[in-house]
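The values are calculated or read from the model by the stated rules, or taken from the named source; none is laboratory data. Quantities reported herein were computed from a predicted structural model and do not represent experimental measurements. Virtual Cβ from ideal backbone geometry, glycine too; neighbours counted across all protein chains shown. Just so you know, the surface numbers come from the protein's heavy atoms only, side chains and all, with ligands and any DNA or RNA stripped out. Shrake-Rupley method; radii C 1.70, N 1.55, O 1.52, S 1.80 Å.
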Amino acid sequence: NKVGGLSTQPRENKTEKMSDDDSLSNAINHAPSSENEAQINKHHMSHDIRSPAKSDNQEIWDQRYKELLKFKDKFGHARVPRTFAENHLLSRWVRQQRQNYKKIQSGDLSSLTENQILLLNKIGFEWEFLGV
């Protein structure tokens, strides 16, 4: 199946060499949940100083980020279609990240952190994607 010219079929070639950019993705995707949380916390702590308790917004962001990593692992890219029936919350979240990034680019306030931008960049997130 193709949506807006993008394949929504799982990748068949799983023998590709893993790049450094894929290492975080694979570590989080294939680790048990407590290890997923530890991986994400490790990356947040390296760039942001936060209170010990995560905010609800941060927990939601982390959950959607994990879903995006799974999407990328399955489809080979991080370009979630605007209307992605398998996970409409993920497609909405991806659009919101792009909107927040545009706010930052235009000098407006945004809830998107520098660390979140770095994590999204690391997995090849396209800020200007004009897909379906």
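Within region 54-78, how many residues are under 14 Å from residue 97 (Cβ atoms) and open to solvent by 60 Å² or more (accessible area, probe 1.4 Å)? Looking only at that region, the number is 3.
For (1) at pLDDT below 95; (2) surrounded by fewer than 18 Cβ atoms within 10 Å (Cβ to Cβ); (3) within 16 Å of residue 72 (Cα to Cα), each residue gets a yes or a no:
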{"residue": "89", "(1), (2), (3)": "no, yes, yes"}
{"residue": "96", "(1), (2), (3)": "no, yes, no"}
{"residue": "103", "(1), (2), (3)": "no, yes, no"}
{"residue": "119", "(1), (2), (3)": "no, no, yes"}
{"residue": "122", "(1), (2), (3)": "no, yes, yes"}
